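K.L.:
The following block contains the structure, expressed as structure tokens.
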Amino acid sequence: MSAVSATAFIDFQGVWLAYNDELLANGQFAVEAIDLNVTQGEFIAIVGPSGCGKSTFMKLATGLRMPSRGGIRIDGQPVTGPLKISGMAFQAPSLLPWRTTVDNVLLPLEIVEPYRSSFKARRAEYEQRARALLQKVGLGGYEDKFPWQLSGGMQQRASICRALIHEPKMLLLDEPFGALDAFTREELWCILRDLWTEQRFNVILVTHDLRESVFLADTVFVMSKSPGRFVVKKHIELPRPRELEITYTKEFTDIVLDLRGHIGAIRKTTGVEA
């Protein structure tokens, strides 16, 4: 193992994935030749055409899928099954309609060890933690409301709180802001930026929004068509903390246009729509 691999928090080495034995036998892979080293606390974003394997990569990173070839290590340990050190949020908030906002946020603590075994005894402490987190994302006063009483943006804030309540070392976000209006989306970029700045957990963000990837990430990876592989690695050399005003600068726009050019080239050669 290389020195870089030895110190990486996320380490993919020669990872290929076929979804079943028949596809494997026919050499049909969803992702291929994935080599990736991500340092502790790094924020990465993955962009690319629809169907390129972004979500497949997320399943590999969380241990929901095992690679057909190659190996994955997260936080120094080989991935052999679903990870307890990760939190996830998706485009649909998927809050349970019969639970209040705070009870939705508490859900991981009821089902994930080591919290599960002590949940009843420490519920008051955990609830206090959940309410503090909700306050931090602007949901103070909505803790005891039900999902149907919240806007889409509020529900997504609660979803992110739920993903972070067990203090994971890694947060995985699959198009988390894709269904929101532009103003709400930008608000949530700033909330995520502030949470990450404060806690410095690792983030893997899958998105179609190039502005979002450039504003939030340290490094943006562009995936090719299926079978997906990383074809571009772009370090975002913009100072932190980043304010929304930076998205209107030439420096920012040039990076977005460069990434758009790479994805446009992929689409022209494949006919795949992004």
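None of the figures in this text is laboratory data; all of them are computed from the coordinates on show. Given the structure is predicted, the values throughout are model-derived calculations rather than measurements. No Cβ is skipped: glycine too gets one built from the backbone with ideal geometry, and neighbour counts run over all protein chains shown.
K.L.:
Any of Lys169/Lys234; Lys54/Lys120; Lys84/Lys120; Lys54/Lys145; Lys59/Lys145; Lys84/Lys233 with alpha carbons more than 30 Å apart? Name them for me. Write down the numbers at each step before the final one.
P.N.:
Details: Lys169/Lys234 23 Å; Lys54/Lys120 38 Å; Lys84/Lys120 20 Å; Lys54/Lys145 34 Å; Lys59/Lys145 32 Å; Lys84/Lys233 28 Å.
Listed pairs above 30 Å: Lys54/Lys120; Lys54/Lys145; Lys59/Lys145.
K.L.:
At 20 °C and 1.002 mPa s, what whole-number value in µm²/s does Stokes-Einstein give for the translational diffusion of segment 88-170, with Rh from the Kirkwood sum over Cα pairs? Don't skip to the end; give the middle numbers.
P.N.:
Details: Rh = 12.6 Å.
For the chosen part, D equals 170 µm²/s.
K.L.:
Of Val203, Val38, Thr100, whose Cα points farthest to the positive end of the dipole of the chain (charges on the beta-carbon: +1 Lys, Arg; -1 Asp, Glu; origin at the Cα centre)?
P.N.:
Positive-end residue among those listed: Thr100.
K.L.:
What do you get when you divide the Cα radius of gyration of the chain by 2.2 N^0.38 Å, with N the number of residues?
P.N.:
Working: Rg = 19.0 Å, N = 274, 2.2 N^0.38 = 18.6 Å.
That ratio works out to 1.03.
K.L.:
While we're on this one: Between 0 and 90 degrees, rounded to the nearest ten: what's the tilt of helix 152-164 against the longest Cα principal axis of the chain?
P.N.:
Compared with the principal axis, the helix lies near 90 degrees.
K.L.:
Taking the Cα centre of segment 120-193 as the origin, how large is its charge dipole in debye, to the nearest 20, when only Lys and Arg (+1) and Asp and Glu (-1) carry charge on their Cβ atoms? Before the final figure, lay out each step's value.
P.N.:
Values: 12 positive and 10 negative charges, 79 e Å.
Dipole about the Cα centre, nearest 20: 380 debye.
K.L.:
A follow-up question, please. Quick one: putting +1 on the C-beta of Lys and Arg, -1 on the C-beta of Asp and Glu, what dipole do you get for segment 135-274 around its Cα centre, in Debye to the nearest 20?
P.N.:
On the way: 19 positive and 20 negative charges, 108 e Å.
The dipole of segment 135-274 has a size of about 520 debye.
K.L.:
Here is a further query. Using every alpha carbon pair in segment 10-135, what percent of pairs falls into each 5 Å bin from 0 up to the bin containing the largest distance?
P.N.:
Spelled out bin by bin, segment 10-135 gives 2, 9, 15, 17, 16, 13, 12, 8, 5, 2, 0 percent.
K.L.:
Where Rh denotes the Kirkwood radius from the mean inverse Cα pair distance, what is Rg over Rh for segment 124-244?
P.N.:
Details: Rg = 15.5 Å, Rh = 15.7 Å.
My calculation of the ratio gives 0.99.
K.L.:
Tally Lys/Arg at +1 and Asp/Glu at -1 over every other residue whose Cβ is under 12 Å from the Cβ of Met223; what's the total?
P.N.:
Details: positive: Lys54, Lys225, Arg229, Lys233; negative: Glu32.
Around Met223, the charge tally is +3.
K.L.:
Rounded to two decimals, what is the ratio between the C-alpha radius of gyration of segment 71-126 and 2.2 N^0.38 Å? Walk me through the intermediate numbers first.
P.N.:
On the way: Rg = 14.2 Å, N = 56, 2.2 N^0.38 = 10.2 Å.
Against the empirical 2.2 N^0.38 Å value, I get 1.40 for segment 71-126.
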